[in-house]
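Before any comments, here is the structure.
Readers should treat all values here as calculations from the given coordinates under stated rules, not as data from a laboratory. A quick note: this is a predicted structure, and the numbers were derived from the prediction, not measured. Ideal geometry is used to build each Cβ from the backbone, glycine not excepted, and the neighbour counts take in all protein chains shown.
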Amino acid sequence: MKKRIVITLLLAGVTGVCFAQKQVIEPAKLKEQVPDVSFTVTEAGVKTVRKLSNYKGKIVLLDFWGVNCLDCIAAMPKMLDFQQRYKDNLQIIIVTRNTEEQISKLWKKLGLLPDGMKWINAGKQLPFITNDSVLQRIFPYKGLPTHVWIGKESEYVSMAYSTSTTEGNIQKLVKGHPVNWDQISGVELNADTLLDNPFLWLNDQNYQNRSIPYFSFIGPRIEFGEGGYGPVKVIYDSATAKARGVSCMNKTIIELYKEAYRDKLPFKPFIPNNRIVLEANDQSKYFAPRYDSNYYSWASRNLFCYALKCPVKLVDSIYPFMRKDLDRFFNLTSKIEKRNIKCWVFKQINTEVNFVSKNGKARYEREKGRLLIRNSSIKNLTYAIEDLVREKYPDMPVIDVTDYTGNIDIDLPWSDDLKTLSIIDFRKEMQKFGLDIVEEYFPIEMLVISEKPKK
């Protein structure tokens, strides 16, 4: 009896995909033959040109992947495990539009994390196709990861969410049994459609062609965009330029509150975590475990979508409405409150001011081991200090109490690798200019989020 073989191609990029001369690239149709494209795949550092027809007689899974896709990255060790345990029936290739340089940067970033090597090892052991510009046109996808299944006779079987890629389904394919796919809907969900047509979401994506002037709703995570994360979309009233609508796709509870309080504790581009006090017994559900093998399971439970739209007459109430919605739904209380918090206090330590700008061309440079600021705002120095201390003291805000409003000239030691830059040495140089950063408890406004007592 002829042995059935399943191959899983996790497409993380396609380099040098080629067609026969004059062949038109068109989207594949379900149950029809997939065009026999050729591509360059990198495996264990070796590049090989192959065609889809090389895998005829096997079932192929194309997993479209990206360096900014948390779900994709989190799935790599699992995919490598599938590859190793089903090596006679399963072949995994990762394909992406990203370049080799972007992937190398991802490996470098992961290498800084405590468990990062498991991601790097999995990624380097799985075959990669990079710079994809063709397969994405044959299989147009809207989000990542997207898994495309191709049958043993090179027929297009399904485009499904990555939740379909399970050991049980792989075993069904090996045995020739039918699979119930988590089929990707043909309706594109994005921030605009949620604001304009919320029933696309509320009623199982059934389109309702009518305008809804006033609504708010909260729902669970949906498959969308780069690894499930989506943008925050704000719509404004043209007459007042005030926000009258907001939608947030696949955000943590903390991220939703950051948006809800942007009018009360404004920061650009968002309220930092060190300006938030979270009073909760279990804080694991509030912050995403980046690059964790359990990320997908965590995200399905702890990411949410929210949308709110109100009439023009209520534009001043949009963020208060949002805050009340979140408090009610998550059974929390939230407020802006002054707390005595340990901070880095940026201050002037003597009356002699020798950092005043002598005018000239404005400059702000971080290079060649120096931080150079010329005829520029003291806020730029504050931003640099925040970057410096964030590495070792992520929970301590930087507070500027210099009260200086003019431009400054200052030259200080700097390193792009902030782990190698000594805060002590940086402070000594600052003190020459009559400035310093000091650890002190300081009363500052904080976003306080507290769990309500269970009844």
Open item on the list: What number results when the radius of gyration of the chain, computed over Cα atoms, is divided by 2.2 N^0.38 Å?
Closed with: 1.18
TODO: Please give, to one decimal in nm, the separation of the simple spin-label points placed at LYS285 and ARG301, each 7 Å out from Cα toward the Cβ.
DONE: 0.8 nm
Open item on the list: Between the stretch 383-455 and the stretch 127-141, what is the separation of their alpha carbon centroids in Å?
Closed with: 44 Å
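Which value, in Å³ per residue, describes the convex hull spanned by the Cα atoms of the stretch 340-445? Show your work: numbers first, answer last.
Details: hull volume 10.2 nm³, N = 106.
Taking the convex hull of the Cα positions in the stretch 340-445, it is 96 Å³ per residue.
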- [ ] Taking a cut-off of 16 Å between Cα atoms, list the lysines near LYS432, but don't count ones fewer than 8 places away on the same chain.
- [x] LYS347
Open item on the list: At 0.36 nm per residue, and after removing the present C-alpha to C-alpha distance, how many nm does the segment from VAL277 to GLU352 gain when stretched out fully?
Closed with: 23.3 nm
- [ ] Report the calculated FRET efficiency for LYS432 and ASP81 (r = Cβ-Cβ distance, R0 = 60 Å), to the nearest 0.05.
- [x] 0.60
Task: Hits among aspartates and glutamates - C-alpha to C-alpha of LYS58 under 15 Å, sequence gap 8 or more where chains match - done: ASP36, ASP88, GLU153, GLU155
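With Cβ to Cβ distances under 14 Å as the rule, what net charge do the other residues near ARG374 carry (K, R +1; D, E -1)? Write down the numbers at each step before the final one.
Values: positive: LYS358, LYS361, ARG363, ARG366, ARG370; negative: GLU365, GLU367, ASP409, ASP411.
Taking every other residue near ARG374 into account, the sum is +1.
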Task: Separation of alpha-carbon centers, the stretch 252-322 and the stretch 28-67, rounded to whole Å - done: 39 Å
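Multiplying the sequence separation of LEU112 and ILE423 by 0.36 nm and subtracting their Cα-Cα distance, what value in nm do you get? Don't jump to the answer; show the numbers that get you there.
Numbers: separation 311, 0.36 × 311 = 111.96 nm, distance 2.05 nm.
109.9 nm is the gain from fully extending LEU112 to ILE423.
For each pair in LYS285/LYS379; LYS109/LYS309; LYS264/LYS313, compute the distance between the two Cα atoms and list the pairs where it is over 32 Å.
Checking Cα-Cα distances, LYS285/LYS379; LYS109/LYS309 exceed 32 Å.
Would you mind estimating how fast the stretch 66-134 diffuses translationally, via Stokes-Einstein at 10 °C and 1.306 mPa s with the Kirkwood radius over Cα pairs, in µm²/s? Walk me through the intermediate numbers first.
Details: Rh = 12.4 Å.
My calculation gives 128 µm²/s for D.
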Open item on the list: Full-extension gain between TRP181 and TYR236, please, as 0.36 nm times their residue separation minus the C-alpha to C-alpha distance.
Closed with: 15.9 nm
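Under the definition of Cα pairs under 8 Å and six or more residues apart, what whole-number percent is the relative contact order of the stretch 5-175?
Numbers: 366 pairs, mean separation 63.1, N = 171.
Answer for the stretch 5-175 is 37 percent.
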- [ ] Find the relative contact order for the chain and round it to a whole percent, using C-alpha pairs within less than 8 Å whose residues are 6+ positions apart.
- [x] 14 percent
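Determine the calculated [θ] at 222 nm for the chain from helices alone, applying -39500 (n - 2.57) to every DSSP H run no shorter than 4 residues and normalising by the residue count; nearest 500 deg cm²/dmol. It would help to have the intermediate numbers written out before the result.
Values: 12 runs with 111 residues, N = 455.
Rounded to the nearest 500, the figure is -7000 deg cm²/dmol.
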Open item on the list: Please enumerate, by chain and number, the aspartates and glutamates with C-alpha under 16 Å from the C-alpha of LYS118, excluding those fewer than 8 residues away in the same chain.
Closed with: ASP71, ASP81, ASP292
TODO: Treat each spin label as a single point 7 Å out from the Cα along the C-beta direction, and report the LYS338 to ASP403 distance in nm.
DONE: 1.6 nm
Task: Spin-label pair TYR393/GLU439, simplified geometry with 7 Å Cα→Cβ offset, distance in nm - done: 0.7 nm
Open item on the list: Let's see if you can work this out: charge +1 on each Lys and Arg Cβ, -1 on each Asp and Glu Cβ, no other charges. What is the dipole magnitude of the stretch 340-445 about its Cα centre, in debye to the nearest 20?
Closed with: 380 debye
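Once you've got the Cα coordinates, tell me which of LYS258/LYS452; LYS108/LYS342; LYS78/LYS105; LYS78/LYS392; LYS105/LYS233 are over 26 Å apart.
Numbers: LYS258/LYS452 19 Å; LYS108/LYS342 32 Å; LYS78/LYS105 22 Å; LYS78/LYS392 32 Å; LYS105/LYS233 29 Å.
In this structure, LYS108/LYS342; LYS78/LYS392; LYS105/LYS233 lie more than 26 Å apart at Cα.
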Task: Dipole of the chain, positive direction: furthest Cα of VAL438, PRO311, ILE424, with charges on the beta-carbon - done: PRO311
- [ ] Enumerate the calculated ³J(HN,Hα) couplings along the stretch 401-411 in order (Karplus 6.51 cos²θ - 1.76 cosθ + 1.60, θ = phi - 60°), each rounded to whole Hz, writing x wherever the residue is Gly or Pro.
- [x] 10, 6, 6, 8, 10, x, 7, 10, 10, 7, 9
